[in-house]
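The values are calculated or read from the model by the stated rules, or taken from the named source; none is laboratory data. The structure displayed is predicted, hence computed values, not measured ones. A quick note on method: Cβ atoms are made from the backbone with ideal geometry, for glycine too, and the neighbour counts reach across all protein chains shown.
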Amino acid sequence: MVPPGEVRLALEGTKRRLRYLFLRQFGVQQVVPELVILNKSSGEDRTEEVIFDGRRVARLSYDLQTQDYSLMLRIDGARMLAALNSKKTIVLTKASGHMKGQYLPRDAIKSFDAGIRAGDEVVIQMGQFIGCGVAKVDAPRLKTSPKGVKVRDFEKGGEWRRRKKSWTRAMIRANEQYLAAIKARAEHEIRGAIDSHDLPVTVSFSGGKDSLVALDLLKSVTSDFSTIFVDTGLEHPWTREYVNKFASENGLGLLTASAGDAFERNFHAFGPPAKDFRWCCKVCKLAPASELIEDRFPNGVLTIEGNRRLESFSRSRIEVKEENPFVPGQLVVNPIRDWTALEVWLYIIWRKLRYNPLYDEDLERVGCWMCPSALASEYKEIARAHGGLVRAWQADLEEWARQNSLPADFIKYGFWRWKQLPPKMKELSDRLGLEVERTRSDKLRLDVTKGASPCTAGGFSVEGVLRMPTADGLAEVAEMLKTIGDVKPVEEFGVAIVDSRLGRGKAFAGGQMSAVAETQSKSLELFDSVSRAVLRANMCTRCGICERTCPQSAISIDESVKVDGDKCIRCGKCTDSCVVAHYFDKLAEPLRADAKPRQKRRAA
């Protein structure tokens, strides 16, 4: 099994796609069994091994350039197709020598499908041998080109024999004892957490498969809990409908935390969210969730969640119990952290749980429908099946691209989904002949006018300018600088001066900033802190996370942010919890070569 072994069941939408692809590429359709397993593997977008009857038959992948799916054959897939006399077959006379990884000897080709085109997957037959590969030329040139077909695999024997039909229900029966064991283990952890903490109990229900399992496990332990649904404003309508209907049918006390129009209000300032800068998660998810919990559970709450380690790198180290750093007072329990997607789906079918119908549309995940972390293939599927949702968002993206002098293809091929383009996207831009900057250009920009360099008066200084789409007054900047040190606003010159343990910083109303300190590293660290404070002051979303995170209750938010300098201990927790402050990480790449890692705690 290709690592990390995140296997899952293929639901009806995926099986429809596989039937279509086998028909389009090889002229056969009735090859997809009732039970199909998919194993995620590495690739530029969706890439999965397709497993029939325990055998890898093909690799399913989505190409970002052609924006289409294709199947790449494995040797067992070639055996299966050879038994069906499929299209795209090449028959050889006897050939000598090692074949795997080589080009087919043209004089050994006996017959071939006249419909073969360059780029097609082909089945290779030679007596008792079977192989698979890819055509490099069209059929008429196969016998004349020395490099007509590249052989991927070639083996003797192993005729494809359809095993006894595999059924999902049979798989459930075979694994029922195992499913009961992991269910009991998860329930034990939930029960232990409830008994250990005198807190009200909730479950986070997003409408996805993992939270569905977490909810069912909690129901098996207790009926005394509330169900929390965070409506980010970006949920698919089917998800909202499913969550509300499921809660009603199962008698759940549903608490909805709504973000309202938070995404639209902040899009102008931040631009599209990106895989490496998901500002929307804090603004549209964490902020309303923390507000609901503070309002309904002021003394704390225990929340059961469906987080799994195999979901992503960021979740690979989650523990059974964790405090949510962004939602004060929330203790999170992760009872299915070690489960695979296959175990989740087997559990759902075993327990006869009604799941979100979006999964039957060949979607692996059903979170925010336009999330940049989703696959491009999933975004295309949403656009195909639910075009009305996508059209308005597409118009916003195109207008943003126009304002930032970006080509239309920047949106078409999904480059907007990154702030810092990964190698695969740079390679795609090269293939397309598209000139794309490595770092996405937005309206918000940091220009470093002077790197960390010696001052004539002693020490080191850093100077720069933050260029922002909006700018508030000096008073707001002065308030935020209180989280760094002692502040003195000088209205006459439009500057706020802050003295901290690191040195002296200055922030001007026009976005100019400077930091002076004894050492190069201290000057960079202070400039970092001043920049984040200026960003927070000018681009605050009023989400309230910093206010709820502050252990000293030094921050209050009404029309603007106020910081009580006498209460503030400069611990930095408000900055670490702020989505705006983290924007600086993307702006400051030119400065990073000189800087040491940013300290998460600051003292005056």
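Here are the numbers for this structure:
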quantity: Of all residues making up region 405-419, the number that are surrounded by 14 or more Cβ atoms within 10 Å (Cβ to Cβ) and out of contact with any helix residue (DSSP H, G or I) (no Cβ under 7 Å at 6 or more places or on another chain); calculated: 4
quantity: Residue selected from region 411-424 under the condition in contact (Cβ under 8 Å) with a residue 40 or more places away in the chain and outside any helix (DSSP H, G or I), by the criterion nearest to Gln65 (Cα to Cα); calculated: Tyr413
quantity: Selection from region 437-454 of residues that are part of a loop (DSSP other than H, G, I, E, B), modelled with pLDDT of 70 or more and touching a Pro at 6+ places or on another chain (Cβ under 8 Å); calculated: Leu444
quantity: Single residue of region 496-537 satisfying the filter (under 16 Å from Thr449 (Cβ atoms) and at pLDDT below 90) that is surrounded by the fewest Cβ atoms within 10 Å (Cβ to Cβ); calculated: Gly510
quantity: Selection from region 281-297 of residues that are within 18 Å of Cys540 (Cβ to Cβ) and under 24 Å from the mean Cα position of the chain (by Cα); calculated: Cys281, Lys282, Val283, Cys284, Lys285, Leu286, Ala287, Pro288, Ser290
quantity: Residue list for region 43-63, restricted to those being surrounded by fewer than 22 Cβ atoms within 10 Å (Cβ to Cβ), out of contact with any Lys or Arg (no Cβ under 6 Å at 6 or more places or on another chain) and free of Cβ contacts under 8 Å to residues at least 60 places away in the same chain; calculated: Gly43, Thr47, Ile51, Arg55, Arg59, Ser61, Asp63
quantity: Residue check for Ala181: outside the structural domain of Leu104 (by TED's automatic domain parsing), part of a helix (DSSP H, G or I) and surrounded by 15 or more Cβ atoms within 10 Å (Cβ to Cβ); calculated: no
quantity: Residue check for Val516: in contact with a Gly (Cβ under 6 Å, 6 or more places away or on another chain) and not polar (S, T, N, Q); calculated: yes
quantity: Counted residues, region 40-56 - those being within 30 Å of Lys424 (Cβ to Cβ) and either of a type in the set (A, V, I, L, M, F, W, C) or more than 18 Å from the chain's Cα centre (by Cα) (or both); calculated: 6
quantity: Criterion (in contact with a helix residue (DSSP H, G or I) (Cβ under 7 Å, 6 or more places away or on another chain), at pLDDT 95 or above and not acidic (Asp, Glu)) met by exactly one of Val333, Val320, Val327; calculated: Val333
quantity: Residue within region 273-285 that is part of a loop (DSSP other than H, G, I, E, B), outside the structural domain of Leu535 (by TED's automatic domain parsing) and crowded, with 19+ Cβ neighbours inside 10 Å present; calculated: yes
quantity: Residue in region 161-169 that is in a helix (DSSP H, G or I) and under 23 Å from Arg351 (Cα atoms) present; calculated: yes
quantity: Subset of region 287-317 [under 26 Å from Ala341 (Cβ atoms), out of contact with any strand residue (DSSP E or B) (no Cβ under 8 Å at 6 or more places or on another chain) and surrounded by 22 or more Cβ atoms within 10 Å (Cβ to Cβ)]; calculated: Arg308
quantity: Strands (runs of 3 or more DSSP E) lying entirely in region 85-141 (those with 3 or more residues that are closer than 22 Å to Ala58 by Cα and touching a residue at least 24 places away in the same chain (Cβ under 8 Å)); calculated: 89-92, 121-126, 129-135
quantity: Total residues in region 494-514, condition over 20 Å from Met539 (Cβ atoms) and touching a Pro at 6+ places or on another chain (Cβ under 9 Å); calculated: 1
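Conditions tested, residue by residue: (1) assigned by TED's automatic domain parsing to the domain that holds Arg308; (2) in a helix (DSSP H, G or I); (3) within 17 Å of the chain's Cα centre (by Cα); (4) among the polar types (S, T, N, Q).
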{"residue": "Arg354", "(1), (2), (3), (4)": "yes, no, no, no"}
{"residue": "Cys368", "(1), (2), (3), (4)": "no, no, yes, no"}
{"residue": "Glu381", "(1), (2), (3), (4)": "no, yes, yes, no"}
{"residue": "Leu389", "(1), (2), (3), (4)": "no, yes, no, no"}
{"residue": "Arg402", "(1), (2), (3), (4)": "no, yes, no, no"}
{"residue": "Asp409", "(1), (2), (3), (4)": "no, yes, no, no"}
{"residue": "Glu427", "(1), (2), (3), (4)": "no, yes, no, no"}
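Matching residues to (1) under 18 Å from Ala10 (Cβ atoms); (2) at pLDDT below 95; (3) among the small types (Gly, Ala, Ser):
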{"site": "Val31", "(1), (2), (3)": "yes, yes, no"}
{"site": "Ser42", "(1), (2), (3)": "no, yes, yes"}
{"site": "Arg55", "(1), (2), (3)": "yes, yes, no"}
{"site": "Ala58", "(1), (2), (3)": "yes, no, yes"}
{"site": "Leu73", "(1), (2), (3)": "yes, no, no"}
{"site": "Ala95", "(1), (2), (3)": "no, yes, yes"}
{"site": "Met126", "(1), (2), (3)": "no, yes, no"}
{"site": "Val134", "(1), (2), (3)": "no, no, no"}
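Listed here are the residues, each with its yes/no results for (1) among the acidic types (Asp, Glu); (2) closer than 16 Å to Phe22 by Cα; (3) not assigned by TED's automatic domain parsing to the domain that holds Val57.
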position: Met80; (1), (2), (3): no, yes, yes
position: Val91; (1), (2), (3): no, no, yes
position: Gly97; (1), (2), (3): no, no, yes
position: Lys100; (1), (2), (3): no, no, yes
position: Tyr103; (1), (2), (3): no, no, yes
position: Ser111; (1), (2), (3): no, no, yes
position: Val123; (1), (2), (3): no, yes, yes
position: Ile130; (1), (2), (3): no, no, yes
position: Asp138; (1), (2), (3): yes, no, yes
